[in-house]
Amino acid sequence: MIPGVAHRYLFEQMVRRELRQKYKGSALGVAWYLINPLVLMGAYYLLFGVIFELQRIPDFPLFLMVGLIVWIFFSQSLLSAAPSLLDHGALIRKARFPRETIPASVVTVQAITFVVLLALVGVVTIVLRGTLDVALLLLPVVLLALFAFVLGLSLAAAVLHAHFRDVAPILSAALLPWFFLSPIFFRPEDITGQALARAALEWGNPIAPYIEAVRAILYGGGAPGLDVLAYVLVGAALSLVVGRALFLRLQAELAVLV
Amino acid sequence: MTVAPGELVLEDASRAFSVRADRGRTLKELIIGRERAGGPAPVQALDGVSLHVRPGETVGMVGRNGAGKSSTLRVLAGIVPLDAGSVRTGGQVVTLLELGAGFGRDFTGRENVFLNGALHGLGRAQIEARLDDILAFSELGDFVDAPVATYSSGMYLRLAFAIAAHLDADILLIDEVLAVGDESFQRKCEERIARQIAAGATLVLVSHDAALVERSCARTVVLDGGRVAFDGPTAQAMPFYHRLMGTPDPQPVTP
């Protein structure tokens, strides 16, 4: 998983390899990791901030960015982890090493981008909104939980895709409507007065509490509710335990499958 | 039962592979609960193979294409699991199954030494301690700091072998890769392997090069259709192998 001590160095090397490979030979190199999500954020701001003018929310660009960054980390991790075992097929067929380092390194590369973007947007948000608060101390806990949550799902997605080749297409099809159902450019209370529908939006969508928690701290300047925190922590543990168990159970035949 | 470092035991090992172009299944098939019918029957790559190699032995593995040589090696390397039977290996197993299988193409030769060392479970300090020897052995000169994407296949081989040869293997598993090097590097590799064997390492070598097997291996296993057809001293195994292949036993050339 987070690979044990014996394989920490391998994990580090795989992350370096992943970073190097993706934008090799491009003039801007690693900067693409930041440019893509920034362009995406600009496009969404244009759509929801300017064209549809959802101005009921104060400082809407900041509201949007904070949520969007979490979503980008979540969706990009899943989308790049799913085919990762197949992409590294040559390695898996010819060498023996802990296979989970592959999806784990892919997710880690996304996490590095995520942390850089969040630092940029986070500082701007805190300064512009004056939301510096002691609750900021909770942010590392929430981010670790988010990482564990995403890692667990990514391990599952990777190993499932190696067995069933339609997992990645299903994922990318599902992520689009999922995006619009996630509280990224709206607050659930703004679009529905119905208690049940609101609960479904807030709790039925597993990524929603993570968005809410990060946003409460950076944009709201306060601690997320205890219920949100509990959801975030339990979700992380559950995802990691189940994802890892699934990976270990299904990994034996990988050298034959990929 | 535990095995000593360098020892390797296969007991009644069996493994079949299904022959399909698209190896994965789809969720639809799983949900409908029906596998696509037809296609060739699974190939029994290993069919009850038993093998006991003691530490320090040198074993060649020969046989026609599809006899199960490479599958056996991948089973011994722990890459492919068995359907039935058991495999046990002792100590550090170093595999050289394909040239630079673990190379990052955009990494320099030097960086790939670290990546490959890490793939074999070594830490940074252990790799740094071996770095100079590895780079010297590879004879790559200034190319050690060029991306391996720029390497010729001979350079690939030299680097891959240099790394594998310096990982303190208890068991060396080599699959037909030495053929790419030029003669002087091949000789150097063979000498290096011989020294490791003298120090107690075990060698399992898969090759179609009968002369190489005769030079390097005291014992030879002839595989045929996933079974051990012959297992004994190389001097007796090779005539058996040549008869199996229907080729005449080459006459020894008098120098």
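With a requirement of 3 or more residues that are in contact with a Lys or Arg (Cβ under 8 Å, 6 or more places away or on another chain), the helices (runs of 4 or more DSSP H) lying completely within segment A:189-258 that satisfy it span A:254-257. Can you confirm whether residue B:163 is assigned to a strand (DSSP E or B), closer than 28 Å to residue B:3 by Cα, under 23 Å from the mean Cα position of the chain (by Cα) and within 14 Å of chain A (Cβ to nearest Cβ)? Judged against the criteria, residue B:163 is not a match. Considering A:180, A:186, A:164, A:149, the condition of being in contact with a strand residue (DSSP E or B) (Cβ under 9 Å, 6 or more places away or on another chain) and more than 15 Å from residue A:80 (Cα to Cα) is satisfied by A:164 alone.
Give me a count of the residues in segment A:221-258 that are more than 14 Å from every other protein chain (Cβ to nearest Cβ), at negative phi and either surrounded by 13 or more Cβ atoms within 10 Å (Cβ to Cβ) or among the β-branched types (Val, Ile, Thr) (or both).
Taking segment A:221-258 and keeping what is more than 14 Å from every other protein chain (Cβ to nearest Cβ), we get A:221-247.
Those still in the list that are at negative phi too: A:222-247.
Checking the rest, the ones that are also either surrounded by 13 or more Cβ atoms within 10 Å (Cβ to Cβ) or among the β-branched types (Val, Ile, Thr) (or both) come to A:222-225, A:228-229, A:231-247.
The total comes to 23.
Inside segment A:5-53, residues that are at pLDDT below 80 and not hydrophobic (A, V, I, L, M, F, W, C) make up a count of 10. Here residue B:169 passes the criteria (1) in contact (Cβ under 8 Å) with a residue 60 or more places away in the chain; (2) not in a loop (DSSP other than H, G, I, E, B) except the one numbered (2).
Could you go through segment A:54-68 and let me know if any residue there is basic (Lys, Arg), farther than 27 Å from residue A:207 by Cα and either touching a helix residue (DSSP H, G or I) at 6+ places or on another chain (Cβ under 7 Å) or at pLDDT 85 or above (or both).
Among the residues of segment A:54-68, not one is basic (Lys, Arg), farther than 27 Å from residue A:207 by Cα and either touching a helix residue (DSSP H, G or I) at 6+ places or on another chain (Cβ under 7 Å) or at pLDDT 85 or above (or both), which makes the answer no.
More than 14 Å from every other protein chain (Cβ to nearest Cβ), in a loop (DSSP other than H, G, I, E, B), of a type outside the set (A, V, I, L, M) and touching a residue at least 40 places away in the same chain (Cβ under 8 Å), is that true of residue A:179? No: the conditions fail for residue A:179.
Given the structure, is residue B:137 in contact with a Phe, Trp or Tyr (Cβ under 7 Å, 6 or more places away or on another chain), among the hydrophobic types (A, V, I, L, M, F, W, C) and without any contact (Cβ under 8 Å) to a residue 60 or more places away in the chain? Please lay out each step first, then the result.
On the way: in contact with a Phe, Trp or Tyr (Cβ under 7 Å, 6 or more places away or on another chain): no; among the hydrophobic types (A, V, I, L, M, F, W, C): yes; without any contact (Cβ under 8 Å) to a residue 60 or more places away in the chain: yes.
So residue B:137 does not fit the description; no.
Residue B:217 meets the conditions (1) of a type in the set (A, V, I, L, M, F, W, C); (2) modelled with pLDDT of 90 or more; (3) more than 12 Å from residue B:60 (Cβ to Cβ) in every case but one. The failed one is (3).
Is it the case that some residue within segment A:159-171 is touching a Lys or Arg at 6+ places or on another chain (Cβ under 6 Å) and touching a residue at least 12 places away in the same chain (Cβ under 8 Å)? Scanning segment A:159-171 turns up no residue that is touching a Lys or Arg at 6+ places or on another chain (Cβ under 6 Å) and touching a residue at least 12 places away in the same chain (Cβ under 8 Å).
Regarding residue A:142, is this residue touching a Ser or Thr at 6+ places or on another chain (Cβ under 6 Å) and either of a type in the set (Val, Ile, Thr) or not in a helix (DSSP H, G or I) (or both)?
Numbers: touching a Ser or Thr at 6+ places or on another chain (Cβ under 6 Å): no; either of a type in the set (Val, Ile, Thr) or not in a helix (DSSP H, G or I) (or both): yes.
Spelling it out, it is not the case that residue A:142 is touching a Ser or Thr at 6+ places or on another chain (Cβ under 6 Å) and either of a type in the set (Val, Ile, Thr) or not in a helix (DSSP H, G or I) (or both).
The sole residue among A:213, A:223, A:197 that is free of Cβ contacts under 8 Å to residues at least 60 places away in the same chain and out of contact with any Phe, Trp or Tyr (no Cβ under 7 Å at 6 or more places or on another chain) is A:197. Among the residues of segment A:87-137, those identified as among the aliphatic types (A, V, I, L, M), assigned to a helix (DSSP H, G or I), within 14 Å of chain B (Cβ to nearest Cβ) and free of Cβ contacts under 8 Å to residues at least 60 places away in the same chain are A:90, A:91. For residue A:223, state whether it is within 28 Å of residue A:128 (Cβ to Cβ), of a type in the set (A, V, I, L, M) and out of contact with any His (no Cβ under 9 Å at 6 or more places or on another chain). Against the criterion (within 28 Å of residue A:128 (Cβ to Cβ), of a type in the set (A, V, I, L, M) and out of contact with any His (no Cβ under 9 Å at 6 or more places or on another chain)), residue A:223 qualifies. Within segment B:69-80, residues that are facing chain A (nearest Cβ under 10 Å) and at negative phi have Cβ atoms under 7 Å from residues that are in a helix (DSSP H, G or I) and among the small types (Gly, Ala, Ser) in these pairs: B:74/A:255; B:79/A:255; B:80/A:255; B:80/B:71, counting only partners at least 6 apart in sequence or on another chain.
Among the residues making up segment B:8-31, those that are away from chain A (no Cβ under 11 Å) and modelled with pLDDT of 65 or more are B:8, B:9, B:10, B:11, B:12, B:13, B:14, B:19. Looking only at residues of segment B:85-116 that are among the β-branched types (Val, Ile, Thr) and either in a strand (DSSP E or B) or closer than 15 Å to residue B:174 by Cβ (or both), we find that the one that is farthest from the other protein chains (Cβ to nearest Cβ) is B:87.
The values are calculated or read from the model by the stated rules, or taken from the named source; none is laboratory data. Keep in mind the model is a prediction, meaning the values are calculated, not measured. FYI the Cβ positions are ideal-geometry reconstructions off the backbone, even for glycines, and counts take in every protein chain you see.
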